[in-house]
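Scroll down for the structure; my scribbles are underneath it.
The values are calculated or read from the model by the stated rules, or taken from the named source; none is laboratory data. Keep in mind the model is a prediction, meaning the values are calculated, not measured. Glycine also receives a Cβ, built like all others from the backbone with ideal geometry; neighbour counts cover every protein chain displayed.
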Amino acid sequence: MSGISWQQRVSLILARYGQKPVLALPFPQPVARALFNLNARIVYKTPRDLTLRADRIGGVPGVWAGRRGQAKNGVLLFLHGGAFVLGSVRSYRHLVAALAAEAGLEGFLADYRLAPEHPFPAALDDALAAYRGLLAAGHAPDRIALAGDSAGGGLVLSLLHVLGRDGLPMPAVAGVMSPITDMTFSGASITGNLKRDPLIPVKWGYRGVMEYLNGHDPDDPRVSPLFGDFSSAPPVMIQACETEVLRDDGVRMADLLRRAGREVVLDIWPRVPHVWHLMAGRVPEADRAIAELGGFLSRHIARETGDSREREGPEKPQPA
């Protein structure tokens with residue numbers, strides 16, 4: 001495993017021999033959620049300058065997460081991962097704070113409803129309600145960025161499809177990490193990376209997706225954005241890893257966006273696990289990925305809001 005940090009080597013060992021076997025066990029969801037939060041307490045690093053403020057946006061509970069003294073040039077709506085059945089404020093607040101600080105945005109982590117108690121369309125309804133809530137609170141769409149990971153990355157992309165379909169204002173930019181975009185599981189990497197993926201057991205992901213779908217058509221772009229319309233989508237950055245089972249979900253999504261004539265950056269990382277960003281503050285590769293994604297969001301917020309210095313460079317002297 002040359003070319004990666006020793007911290008990343010340790011993280012890969014933890015993922016393959018600790019987290020992956022636990023995920024593969026068929027725990028009832030309440031037990032799985034408790035274990036997920038326990039993992040967050042033990043493994044993830046909470047920054048000392050973390051700021052948290054509980055709120056409801058569009059009726060959706062969540063927290064504003066950031067770092068003390070950071071810039072706030074707009075807002076970031078973050079939708080967390082967890083196969084639609086796991087994920088919480090406790091397990092994602094550190095990641096949202098890190099990304100929000102890098103992007104210079106206020107980060108709102110939406111605590112959307114989870115399956116199986118709340119199957120489709122609950123999570124997407126909450127994502128749309130939170131976005132509408134930001135607009136209603138006076139946040140201009142060109143000051144809003146969307147981001148999410150895994151299932152949350154899929155929700156971000158499905159939300160973009162719905163906004164375009166319904167003629168609603170688009171955010172300035174979106175960024176997704178290891179997104180699931182195809183709930184028919186037709187990507188070649190689903191089987192090709194079955195053994196190579198250091199973290200995700202396919203049976204676990206499939207079980208969560210089936211509980212979320214609850215019999216709904218997996219071809220619906222509201223659950224599988226790979227089948228959606230993105231002709232009016234904003235710039236999108238997609239980060240994924242070479243050996244994860246969802247790699248081709250990201251690759252094919254990038255191809256779809258390009259065919260729609262949209263700006264997209266596809267960033268495939270070697271020798272990292274699914275959503276390696278969660279190791280922010282502990283693993284250099286996680287910090288670098290967050291910095292790159294945060295920079296992408298920041299640049300497009302500045303560009304979309306008409307910052308002439310961002311678009312045109314420093315002001316030139318005028319002739320006398």
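State yes or no: is ASP197 buried (at least 18 other Cβ atoms within 10 Å of the Cβ) and part of a loop (DSSP other than H, G, I, E, B)?
The answer is yes for ASP197.
Yes or no, residue by residue, for (1) of a type in the set (Phe, Trp, Tyr); (2) modelled with pLDDT of 95 or more; (3) under 17 Å from the mean Cα position of the chain (by Cα):
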site	(1), (2), (3)
PRO218	no, yes, no
ASP229	no, yes, no
VAL236	no, yes, yes
GLN239	no, yes, yes
VAL265	no, yes, yes
LEU293	no, yes, yes
LEU297	no, yes, yes
THR305	no, no, no
PRO314	no, no, no
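Which condition number does ASP217 fail, the rest of (1) out of contact with any Leu (no Cβ under 6 Å at 6 or more places or on another chain); (2) assigned to a loop (DSSP other than H, G, I, E, B); (3) within 19 Å of TRP269 (Cβ to Cβ) being met?
So ASP217 meets the others, but not (3).
Would you confirm, using the coordinates I've provided, whether ALA129 is more than 18 Å from ASP220 (Cα to Cα), touching a residue at least 24 places away in the same chain (Cβ under 8 Å) and surrounded by 22 or more Cβ atoms within 10 Å (Cβ to Cβ)?
no
Take the conditions closer than 20 Å to PRO171 by Cβ and in contact with a strand residue (DSSP E or B) (Cβ under 8 Å, 6 or more places away or on another chain) and apply them to GLY261. Does it pass?
In short, no.
Could you count how many residues in the range 154-186 are among the small types (Gly, Ala, Ser), touching a helix residue (DSSP H, G or I) at 6+ places or on another chain (Cβ under 8 Å) and not in a strand (DSSP E or B)? Please lay out each step first, then the result.
Step one: of the range 154-186, the residues among the small types (Gly, Ala, Ser) are 154, 158, 164, 167, 172, 174-175, 178, 186.
Then drop every residue that is not touching a helix residue (DSSP H, G or I) at 6+ places or on another chain (Cβ under 8 Å), which leaves 154, 158, 172, 174-175, 178.
Now restrict to residues that are not in a strand (DSSP E or B): 154, 158, 172, 178.
Here the count works out to 4.
Over 25 Å from GLU117 (Cα atoms) and surrounded by fewer than 18 Cβ atoms within 10 Å (Cβ to Cβ): which single residue out of GLY295, GLY215 fits that description? Before you say what the answer is, go through the steps one by one.
Numbers: GLY215 fails: over 25 Å from GLU117 (Cα atoms).
After applying the criteria, what remains is GLY295.
Could you list, in sequence order, all residues of the range 171-194 that are surrounded by fewer than 18 Cβ atoms within 10 Å (Cβ to Cβ) and in contact (Cβ under 8 Å) with a residue 60 or more places away in the chain?
Scanning the range 171-194 gives a single hit, ALA188.
Identify the single condition in (1) part of a helix (DSSP H, G or I); (2) within 26 Å of MET210 (Cβ to Cβ); (3) in contact with a helix residue (DSSP H, G or I) (Cβ under 8 Å, 6 or more places away or on another chain) that LEU14 does not satisfy, given that it satisfies every other one.
It is condition (2) that LEU14 fails.
Using the structure shown, decide if GLY69 is at pLDDT 95 or above, in contact with a His (Cβ under 7 Å, 6 or more places away or on another chain) and in a loop (DSSP other than H, G, I, E, B).
Criteria not met by GLY69.
Criterion first (touching a residue at least 24 places away in the same chain (Cβ under 8 Å) and at positive phi) does ASN214 satisfy it?
Details: touching a residue at least 24 places away in the same chain (Cβ under 8 Å): yes; at positive phi: yes.
Judged against the criteria, ASN214 is a match.
Would it be correct to say that VAL202 is of a type in the set (A, V, I, L, M, F, W, C) and buried (at least 18 other Cβ atoms within 10 Å of the Cβ)?
Against the criterion (of a type in the set (A, V, I, L, M, F, W, C) and buried (at least 18 other Cβ atoms within 10 Å of the Cβ)), VAL202 does not qualify.
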